[in-house]
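Here the structure is laid out as structure tokens; the discussion comes afterwards.
The values are calculated or read from the model by the stated rules, or taken from the named source; none is laboratory data. Please read these numbers as outputs of a predicted model, since none were measured by experiment. Don't worry about glycine lacking a Cβ; one is built from the backbone with ideal geometry, like all the others, and counts go over all protein chains shown. Heads up: the accessible areas ignore ligands, DNA and RNA and are worked out on the full protein's heavy atoms, side chains in. Shrake-Rupley method; radii C 1.70, N 1.55, O 1.52, S 1.80 Å.
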Amino acid sequence: MTIFGLKAMLRTAMTATVLGAAWPAAADDLHAKLEYCLTCHGTAGQGYRAYYTMPRLAGQQPKYIENQLRAFVERRRTNPIMANVAHGLSPSMFGALAEHFHALTPPPLGGAPRGQLGLGKHIFDEGLPESNVPACAACHGADAHGQDEIPRLAGQLHDYLTSKLANWTRERGQDRARPDISAIMVPTTHNLTHEQIAAVAAYVSTLK
Ligand code: HEC
Ligand code: HEC
């Protein structure tokens, strides 16, 4: 369902209430879940820093969001918080939730150190051939907006990105019997140094 589909559904639900009919359970449920997501991921999906760093979902590719929700449910991707959240969703909601977040356009949350942005841009645009690190732009797009199952990185919180790249093989592709698309990132995460990870994470976090 598109964001327009979602709005139309909520409008129909409101009209139904005005007419004295019951609020359709599906729209009610979806709206409640969205509110719940926003309490952690920021009121405009821009991400949020608390005890945990909550990633930005605004502008994220719908197919990527849906695939990650499935990955949390199937335990291909481990995270105790999101495992619980995803188990409480009906898979029929994944598409509507993903479209809703994709349509949000808040500015980047910011907060990254700015000292290594040049190195970060170099890695993103051209990679580090001498270390077998491909150009991130080749897959994530020159504007870092991603495509299909390849995530948007633009505006993502730098501390979230740093932690994901540093812990990749402990959190992603955890069902050894069912290798998934996360395998594509394994060599890259191993070949980047900590300093290079911090630089590229800081750079993409500034992009709109
Ligand atoms: C209690 C806080 C909390 C709530 C509520 C919550 N999330 Fe999350 N979410 C997180 C955290 C923390 C992460 C980061 C997990 C990690 O580090 O791997 C995350 C990660 C994600 C990711 C992966 C993002 C990425 O870039 O890979 C998606 C997709 C996601 N959440 C969707 C949702 C949706 C949809 C909802 C509402 C149904 C929701 N979340 C509700 C805390 C929350
Ligand atoms: C060959 C294609 C390809 C290249 C090159 C590539 N990526 Fe990725 N990247 C992917 C795919 C596919 C995913 C989704 C993996 C998944 O679903 O678990 C991903 C996921 C990620 C994530 C997780 C985002 C999130 O929200 O959790 C980060 C961070 C990332 N890539 C950073 C980079 C950086 C930095 C580079 C360059 C040094 C790079 N990638 C190069 C394909 C690529």
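Annotations
- Hits in the range 139-159 - residues which are open to solvent by 30 Å² or more (accessible area, probe 1.4 Å) and touching a strand residue (DSSP E or B) at 6+ places or on another chain (Cβ under 7 Å): C139, D159
- Listed by first and then second residue, the pairs with beta-carbon distance under 8 Å, at least 6 apart or on different chains, first residue in the range 110-125 and farther than 11 Å from I197 by Cα and without any contact (Cβ under 8 Å) to a residue 24 or more places away in the chain, second surrounded by fewer than 12 Cβ atoms within 10 Å (Cβ to Cβ) and not polar (S, T, N, Q), are D125/A142.
- Identity of the residue in the range 40-79, among the hydroxyl-bearing types (S, T, Y) and not in a loop (DSSP other than H, G, I, E, B), that ends up least open to solvent (accessible area, probe 1.4 Å): Y64
- Cβ-Cβ under 8 Å pairs, at least 6 apart or on other chains, the range 75-89 side within 6 Å of ligand 1 (Cβ to nearest atom), far side open to solvent by less than 40 Å² (accessible area, probe 1.4 Å) and aliphatic (A, V, I, L, M): L89/L69; L89/L97
- Filtered by the rule that a residue be more than 18 Å from R178 (Cβ to Cβ), within 14 Å of ligand 2 (Cβ to nearest atom) and among the aromatic types (F, W, Y), the range 71-107 gives a lone residue, F101.
- You will find that of Q174, Q196, the residue that is within 11 Å of ligand 2 (Cβ to nearest atom), closer than 28 Å to G95 by Cβ and either touching a strand residue (DSSP E or B) at 6+ places or on another chain (Cβ under 9 Å) or outside any helix (DSSP H, G or I) (or both) is Q174 and no other.
- The single residue among Q147, Q156 that is touching a residue at least 60 places away in the same chain (Cβ under 8 Å), within 14 Å of the chain's Cα centre (by Cα) and within 15 Å of H41 (Cα to Cα) turns out to be Q156.
- Any hit, the range 163-182, residues being away from ligand 1 (no atom under 12 Å from the Cβ), under 14 Å from V200 (Cβ atoms), in contact (Cβ under 8 Å) with a residue 40 or more places away in the chain and surrounded by 17 or more Cβ atoms within 10 Å (Cβ to Cβ): no
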